[in-house]
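Structure provided below as structure tokens; questions to follow.
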Amino acid sequence: MYHLVTMKTKRPTVYDVAREAGVSYQTVSRVINNKAHVSEVTRTRVLDAIKTLDFRPNRAAQLLQTERSNTIEVVLFYFGFNLFLYEMARSAQRLGYHFSISAITEQEFNRTLESARSRFVDGLIIVPMAPIAENYEELKRLTDGIPFVQVGANLGTDFPSVSYDQTHGAHLAAQHLINVGHRHIAEVSGPLQNHDAYDRHISWLDTLRDNGLRPGTSVEADFTIEGGYRAMSHLLDEDADFTAVFIGNDSMAIGAHSALRERGLRVPDDVSMVSFDDIPEAAHFVPKLTTVRQDFNLLGQMAIEYIVSMIDNPDIPVHQRILQPKLVIRESTCPPRT
């Protein structure tokens, strides 16, 4: 009886790639690690050789050689929205980085930061649900010096962060309702321990007061469709006096609209509705939803570019990058009935 033994083909090495491309192994290393000082012609030749040989870099050896893992980790809470994660992953890959996610609870936050170095990550992107209690120096101690960028932070924070101006966005939404003639405006807010939801709520209050209007009833919800449904049902059960409602995000607007429809009320004929985020479904809502647009692709891209700049240049000054939202007027708002 004969036994056929299949010999494993030796995996190609960086030296094999160098021979195939006709360059030095140092040049191959620079291409693999996305370093500068390699011409596009040479880079293309090396990449073609890598593809031809089906070469896969040994990440452990790469880490020992460069002291970098080329990995960026996103730390976010289970309840956190993730509309920008896809663009983060694409942007990281485009810049030569791997991408990982740690979904945690609030209680696991400090421990996750403290253990980041053991996971060999080069940088962290933090997506908290509530304001972080620790100051910048304490966070640097927890991460053992690994650079980090926070997505979503109060204006003026001393963290390296990328954020949308939630205050301005909520002002645009509330002022639009006032401009079309509404004087009795209710609110379905997000969870007020969340910094974005809190800033939107305070801006809604300030905008109404600045226009000499008394704020209507506000109900706190949880950013979900079901939460929006329950909050709107509560407003209707309490016979709250309103002709328009500012809703803290588009998901809750879907649930709120369902509750209004069940009571025989029409949007915008009976109740005008303005929301926040401009998720893809908002343009296909019936009626199409007036909402404040946040470009989540841009938010994710800027967060990745910021953390990579901190990795490449540890002395970069800490700063906050602020994006401006815009109001998208569609069909869910109109003047109130006389």
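The values are calculated or read from the model by the stated rules, or taken from the named source; none is laboratory data. In this text, all values refer to a predicted model and were calculated from it rather than measured experimentally. FYI the Cβ positions are ideal-geometry reconstructions off the backbone, even for glycines, and counts take in every protein chain you see.
Got at least one residue in the stretch 118-134 being more than 19 Å from the chain's Cα centre (by Cα), closer than 14 Å to residue 74 by Cα and modelled with pLDDT of 85 or more?
So far as the stretch 118-134 goes, yes, one or more of its residues are more than 19 Å from the chain's Cα centre (by Cα), closer than 14 Å to residue 74 by Cα and modelled with pLDDT of 85 or more.
Of the residues that make up the stretch 227-249, is at least one charged (D, E, K, R), within 20 Å of residue 172 (Cα to Cα) and out of contact with any Cys (no Cβ under 9 Å at 6 or more places or on another chain)?
For the stretch 227-249, residues charged (D, E, K, R), within 20 Å of residue 172 (Cα to Cα) and out of contact with any Cys (no Cβ under 9 Å at 6 or more places or on another chain): absent.
Which ones in the stretch 232-261 are in contact (Cβ under 8 Å) with a residue 12 or more places away in the chain and farther than 19 Å from residue 184 by Cβ?
249, 250, 251, 252, 254, 255, 258, listed by residue number.
Further, regarding this structure: Give the number of residues within the stretch 1-59 that are outside any helix (DSSP H, G or I), at pLDDT 75 or above and over 36 Å from the mean Cα position of the chain (by Cα).
Matching residues across the stretch 1-59 total 5.
Go through the stretch 131-185 and count every residue that is among the basic types (Lys, Arg) and in contact with a helix residue (DSSP H, G or I) (Cβ under 7 Å, 6 or more places away or on another chain).
0
Here is a yes/no grid of residues against (1) surrounded by fewer than 20 Cβ atoms within 10 Å (Cβ to Cβ); (2) assigned to a loop (DSSP other than H, G, I, E, B); (3) polar (S, T, N, Q):
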residue	(1), (2), (3)
107	yes, no, yes
118	yes, no, yes
124	no, no, no
131	yes, yes, no
153	no, yes, no
162	no, no, no
177	no, no, no
196	no, no, no
208	no, no, no
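Still on this structure, I have one more. Tell me the residue from 283, 303 that is assigned by TED's automatic domain parsing to the domain that holds residue 199 and either of a type in the set (A, V, I, L, M, F, W, C) or within 18 Å of residue 231 (Cβ to Cβ) (or both), please.
When all the criteria are applied, what remains is 283.
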